[in-house]
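The structure appears below as structure tokens.
The values are calculated or read from the model by the stated rules, or taken from the named source; none is laboratory data. No experiment lies behind these values; they were computed from the predicted model shown. Cβ placement follows ideal geometry from the backbone for every residue including glycine, while neighbour counts extend to all protein chains displayed.
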Amino acid sequence: MELFLTLFERRERNPLRKKELEDVSNNKQWVEDEKSKLPRKDASKIRKMEKLGVEPERIQTWKDYKIKERENELKDLYLRDKIEKPIIISNIFGIKVYTDQYATYNFTEGSVNLRSVENTVKKIIRDYKDIIPNRKPKFIITDSGKNPRTKGVNIIGSGDDPAGVYRDRLIYIDQKYSDDYEIYAHEYAHFLEKKVSRQTGKYLQEEYKNMLDGFFRSIKQKKRENLEGAENEKYRKAIAKKLGLPTDYSATNHSEWFAELIAHWKNIPNNKATYRFKQIMKKIINRL
């Protein structure tokens, strides 16, 4: 267990750590070593094919495919995302915007698309300067339907074409929504949420739970841990209407609650419930 923890330590914190880490692989090396260790069911299938006399070339082709599949899974879990073929198109107050290899829209200097992106970033800086800190996030303009890091992730948007996705310190924005102010703000809120301390994160979850408990008590029904899924849509809409939440999506889970409240901060109506939400958010934001 100690070796495992050492493997994922971010840096050598003192000279003694340097010696301790001498014989320990870094994350990339570890993935390379582990990718050939196929799960039991795959190893069993290989043995079965060998007993049945399947051609060695076919066995090796299948084995290579499974090794590559496992390698991708391990990279996804243990290696940080990198922007693929990045081109920086904007840098305003440290907030950088890139395009990647999947983006096909024109974001060259002087283009309408680039001006829209820059105006959107400036609007976020202006509207949120007194609300949330500028932690200099990186936004990547991409094609969500083609980028494997975003394809099929239904965060905001629908189906296989999400408008925005936060993933491993990077914020992906689909090129069709590159001028959508609320998408940037929502995903930036997810970026900030990941910087919340463990103790503060528990506080956020507890406050979301209290909100749900109060709602279900008021309608005299069994409480639920979250309101995810199509089967809970009516409850999301009911709680949003009752408490004045900016969207019914806000009631999905504690993470989306945080992101939507931040994204719609200035448009949230003033009432008893929203006043409490804002006080909770301020306490969390002050710890970022």
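Does segment 222-245 contain any residue that is closer than 27 Å to D168 by Cβ, out of contact with any Ser or Thr (no Cβ under 6 Å at 6 or more places or on another chain) and of a type in the set (S, T, N, Q)? Yes, some residue in segment 222-245 is closer than 27 Å to D168 by Cβ, out of contact with any Ser or Thr (no Cβ under 6 Å at 6 or more places or on another chain) and of a type in the set (S, T, N, Q).
If only one of S144, S116, S111, S90 is at pLDDT 85 or above, under 18 Å from the mean Cα position of the chain (by Cα) and of a type in the set (S, T, Y), which one is it? I'd like the intermediate steps shown before the answer.
Working: S116 fails: under 18 Å from the mean Cα position of the chain (by Cα); S111 fails: under 18 Å from the mean Cα position of the chain (by Cα); S90 fails: under 18 Å from the mean Cα position of the chain (by Cα).
Unique residue meeting the criteria: S144.
Evaluate segment 237-259: report whether one residue or more is more than 21 Å from the chain's Cα centre (by Cα), over 29 Å from T142 (Cβ atoms) and exposed (fewer than 12 other Cβ atoms within 10 Å of the Cβ). There is at least one residue in segment 237-259 that is more than 21 Å from the chain's Cα centre (by Cα), over 29 Å from T142 (Cβ atoms) and exposed (fewer than 12 other Cβ atoms within 10 Å of the Cβ). Cβ contacts < 6 Å: first residue free of Cβ contacts under 8 Å to residues at least 40 places away in the same chain and assigned by TED's automatic domain parsing to the domain that holds M49, restricted to segment 59-75; second residue of a type in the set (S, T, Y) and not in a helix (DSSP H, G or I), any location; separation 6+ or different chain. Result? If the second residue must be of a type in the set (S, T, Y) and not in a helix (DSSP H, G or I), the pairs left are I67/S36.
If only residues of segment 205-216 that are charged (D, E, K, R) and within 18 Å of G244 (Cα to Cα) are counted, the one that is surrounded by the fewest Cβ atoms within 10 Å (Cβ to Cβ) is D213. I'm checking my understanding of the structure. Among residues of segment 254-278 that are part of a loop (DSSP other than H, G, I, E, B) and either touching a Gly at 6+ places or on another chain (Cβ under 8 Å) or basic (K, R) (or both), which one is nearest to K129 (Cα to Cα)? Checked segment 254-278; the qualifying residue nearest to K129 (Cα to Cα) is I268. Whether any residue in segment 119-141 is polar (S, T, N, Q) and modelled with pLDDT under 95 is what I want to check. Yes - at least one qualifying residue is present in segment 119-141. For segment 155-169, a tally of residues being β-branched (V, I, T) and modelled with pLDDT of 85 or more returns 1. Among the residues making up segment 168-201, a single one is of a type in the set (V, I, T) and in contact with a Ser or Thr (Cβ under 8 Å, 6 or more places away or on another chain): I173. Listed by first and then second residue, the pairs with beta-carbon distance under 7 Å, at least 6 apart or on different chains, first residue in segment 135-156 and farther than 15 Å from Y98 by Cα, second at pLDDT 85 or above and assigned to a loop (DSSP other than H, G, I, E, B), are K146/Y102; T150/S144; K151/S144; K151/G145.
Output yes when any residue across segment 116-129 is outside any helix (DSSP H, G or I) and surrounded by fewer than 15 Cβ atoms within 10 Å (Cβ to Cβ), and no when none is. Full working, then the answer.
Keep residues of segment 116-129 that are outside any helix (DSSP H, G or I), which gives 129.
Restricting the remaining residues to those that are surrounded by fewer than 15 Cβ atoms within 10 Å (Cβ to Cβ) gives 129.
For segment 116-129, residues outside any helix (DSSP H, G or I) and surrounded by fewer than 15 Cβ atoms within 10 Å (Cβ to Cβ): present.
Among the residues of segment 196-218, not one is modelled with pLDDT of 85 or more and not in a helix (DSSP H, G or I).
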